[in-house]
Amino acid sequence: MSGVMCKHCDKIFSVQSSLNRHLLEKHNITSNIISYDASVFNFKCLETNCNVSFKLNEELRQHLKDTHSHNMIQEFLQFVNIQDFYKWLDVLRNICDVDYVQPRGKRIVQGLEIIYFNCNRSGKYIDTK
């Protein structure tokens with residue numbers, strides 16, 4: 001699921017402004033208000049006081065590296081079946097605040113069904129170093 005998540009109750013919101021309102025109303029926390037213009041793209045920078053968005057996930061990753069000095073690792077993993085992927089994802093969800101989204105449909109390559117997933121940050125970047 002795409003969106004931003006409240007770190008206090010794990011509720012997910014489709015836009016940052018809804019999360020900001022929730023934080024104030026439910027948790028009495030004032031958040032830095034972020035507003036995006038009408039041409040906002042799907043990949044939003046969720047860092048404090050940064051209201052840029054990007055058409056491509058790769059552009060967001062480059063922005064996070066260049067502007068916010070975040071070092072991210074890009075991995076390409078293969079699983080025998082979708083059940084193995086979801087087992088791996090359940091373990092990962094318990095370790096860190098992460099989720100994956102399917103950006104496009106399935107493909108058949110040499111008789112194998114291939115499904116691509118991209119990591120989609122839920123909330124702010126957390127440096128695990």
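The values are calculated or read from the model by the stated rules, or taken from the named source; none is laboratory data. All values reported here derive from a predicted model rather than from experimental measurement. Please note: Cβ atoms are built from the backbone with ideal geometry, for glycine as well, and neighbour counts cover all protein chains shown.
Couple of notes before you dig in:
- The set of residues in region 88-119 being at pLDDT 75 or above and among the charged types (D, E, K, R) consists of D90, R93, K106, R107, E113.
- Among the candidates S2, S53, S39, the residue that is among the hydroxyl-bearing types (S, T, Y), at pLDDT below 80 and under 16 Å from the mean Cα position of the chain (by Cα) is uniquely S2.
- Comparison of F79, F85 shows that the only residue that is surrounded by 15 or more Cβ atoms within 10 Å (Cβ to Cβ) and either modelled with pLDDT of 85 or more or closer than 22 Å to K11 by Cβ (or both) is F85.
- Total residues in region 49-69, condition outside any helix (DSSP H, G or I) and surrounded by 14 or more Cβ atoms within 10 Å (Cβ to Cβ): 5
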